[in-house]
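Some notes on the structure that comes next.
None of the figures in this text is laboratory data; all of them are computed from the coordinates on show. Here the structure is a predicted model, which is why all the values come from computation and not from measurement. Positions of Cβ are backbone-derived with ideal geometry, glycine not excepted, and every protein chain shown enters the neighbour counts.
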Amino acid sequence: MLRLLNIEFLKLRYSRSSKILILTYFILITFIALIASIEFPIGNINFRIADQGIFNFPFIWHFNSYIAATLKLFLAIVIVSMMSNEYSNRTLKQNLIDGLSKKEFILSKFITVMVFSIVSTIFLFVVSLILGLSFSDYNEFSIIFSDLEYILAYFVKLTGFFAFCLFLGILVKRSAFALGFLFIWWIVETILYAILKWRIFKGTDIADKIVQFLPLESMSNLVKEPFSRLNAVQSAANQLGSAFEKDYSIHWYQILIVIVWTVLFVYFSYALLKKRDL
Amino acid sequence: MKTILSINQLTKVYGPLKAVDNLSFTIEKGNVYGILGPNGSGKSTTLGMVLNVVNKTSGDFKWFDGAESTHEALKKVGAIIEHPNFYPYMTAAQNLELVCKIKGVPSNKVEEKLEIVGLLDRKSSKFKTFSLGMKQRLAIASALLNDPEILILDEPTNGLDPQGIHQIREIIRKIASDGTTILLASHLLDEVEKVCSHVVIIRKGVKLYSGPVDGINASHGFFELEAENTELLQQLLNEHPSIGKVSLKNNLVTAIIEEPMSASDINRYLFEKGLSLSYLIKRKESLEEQFLQLTNQTTA
């Protein structure tokens, strides 16, 4: 296991573009802190975003995991290309000839993906903790460590998404096309949802029940957008007389759906590689 | 003798095409084998199957005593295929270190093997800056990292300039003289002839011959003769009981020998019949001629 991780680490370590993307990704996560310094005047009141409660425990866990998750595209590029480059450089063939089994090959990629997710999660946790401790209005121990399931959801979401990227890298074999395919997949899911919601099951929530099983939708469901939870937005909506009722919490079955997709994607990758002649 | 690889009824079908058809042969330790066949005859497909990158359709193969899985066995094998495949953004030494990790051998041999192929002074250059000849030599160094029981080379001189071809052949000869078993796939006959002791000839995926290079054709060779009276020469040769087919080309008569006979035997015979030769040579078919003979025999 360590050997596989070591092999993959060597491959990434010397790739300049991967290093830059990975570095950018982590730097951008720390830049969440910069949101704190955004301020703009409304009339004669100085409006500071940090004062709107976004860095309050436990809301910060939700807010930061949502923001950080949008950055996952940087790592997605690294993952898709680390897979498809093995095809375009034909090093996959050489790896197998040198004595790596197809199973070990997939495993080495998946372990790397897991490491990316774990490191991202720990990083996010630390950044959020520091931000929260500096800006949060509530600093009681029990409040700080409540709602931590958002961090768990973030981890599951990243792993699932990266496993999807791995699979696309193997399926399409070209990094640019694989990323394009990812985009097309997202459009297809969106259109499917629209058709179900506004045509077939109009006026019911059956459409939502169905699309929550789709891979990208299930991943984005894990950490829903946190903005409408903000006090300012809530009170504005109340004044307009259209208070939201939205379920922001994470349910065990949502996590399960994403885990099932992760397992499927890894298995599909392996099955595809096993079936192919190189 | 220790068997390194045995292939039994191995078959690969691509759609309607039978790329490899019931191929069987065995590789023993210590010999240098050549797989010879025209382009597209199934050489690379065969190697691909035993090297775990092409899925076989039927039949089986066994590495060593067959006790371990193919990918474990491949750690004791060194192989390069047509095109050298490495990570372009990594240096020669980094690429070899990666191979060491995959093969599970310590990386202290990297410099030694780079030395063998004459790339030690370029060890810190990125792979993408290498010429094809250097890439191919790096591939050989990589295949040698684990001191393999067998070295498999698929068209190692393909696309190289004469100097590069010469370098690669020298390296192969050096490795062979150290007693390493080698399996060399090539469509170049003189390459196989110069390097190999045993040969497997395949054509359209079917095995035509397998055995020692000398044994390809059990013929006793042929004479090339010239005399002023070409017609008499042909007539006398046709009368000789040990001479088979006689043919004429550019005034040069070629006579196939069917029983062991020396050049002086035929000279004496012709002289006694009153014909003096202006030119006489006894030759054995080169591998090329034998190869063409073999492959033509089965042309429908």
Original post:
Do we have any residue at all in segment A:64-78 that's buried (at least 19 other Cβ atoms within 10 Å of the Cβ), within 14 Å of another protein chain (Cβ to nearest Cβ) and not in a loop (DSSP other than H, G, I, E, B)?
Top reply: yes
Subject >> Cβ-Cβ under 6 Å pairs, at least 6 apart or on other chains, segment B:47-64 side acidic (Asp, Glu), far side surrounded by fewer than 22 Cβ atoms within 10 Å (Cβ to Cβ) >> reply: B:ASP60/B:ASN8
**OP:** Being at the interface with another protein chain (Cβ under 9 Å from one of its Cβ atoms) and either of a type in the set (A, V, I, L, M, F, W, C) or within 17 Å of B:LEU153 (Cα to Cα) (or both) is the filter here, so list the residues in segment B:99-114 that pass it.
**Re:** B:VAL99, B:ILE102
Subject >> Of all residues in segment B:42-98 being out of contact with any helix residue (DSSP H, G or I) (no Cβ under 8 Å at 6 or more places or on another chain) and acidic (Asp, Glu), the one that is nearest to the other protein chains (Cβ to nearest Cβ) >> reply: B:GLU72
**OP:** May I ask you to list the residues in segment B:146-205 that are closer than 27 Å to B:ASN8 by Cα and assigned to a helix (DSSP H, G or I)?
**Re:** B:ALA176, B:LEU189, B:GLU191, B:VAL192, B:GLU193, B:VAL195
Subject >> Boolean, A:ASN46 is within 14 Å of chain B (Cβ to nearest Cβ) and farther than 19 Å from A:ASN6 by Cα >> reply: no
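Residue-by-condition table, conditions (1) polar (S, T, N, Q); (2) farther than 26 Å from B:VAL199 by Cβ; (3) free of Cβ contacts under 8 Å to residues at least 24 places away in the same chain:
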position	(1), (2), (3)
B:ALA227	no, yes, no
B:LEU232	no, yes, no
B:ASN250	yes, yes, yes
B:ILE256	no, no, no
B:ILE281	no, no, no
Original post:
Just checking, which of A:LEU216, A:LEU256 is within 16 Å of the chain's Cα centre (by Cα), part of a helix (DSSP H, G or I) and surrounded by fewer than 16 Cβ atoms within 10 Å (Cβ to Cβ)?
Top reply: A:LEU256
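If you go through segment A:126-143 one residue at a time, do you hit one that is in a helix (DSSP H, G or I), closer than 18 Å to A:ILE259 by Cα and not small (Gly, Ala, Ser)?
The answer is no, given that none of the residues of segment A:126-143 is in a helix (DSSP H, G or I), closer than 18 Å to A:ILE259 by Cα and not small (Gly, Ala, Ser).
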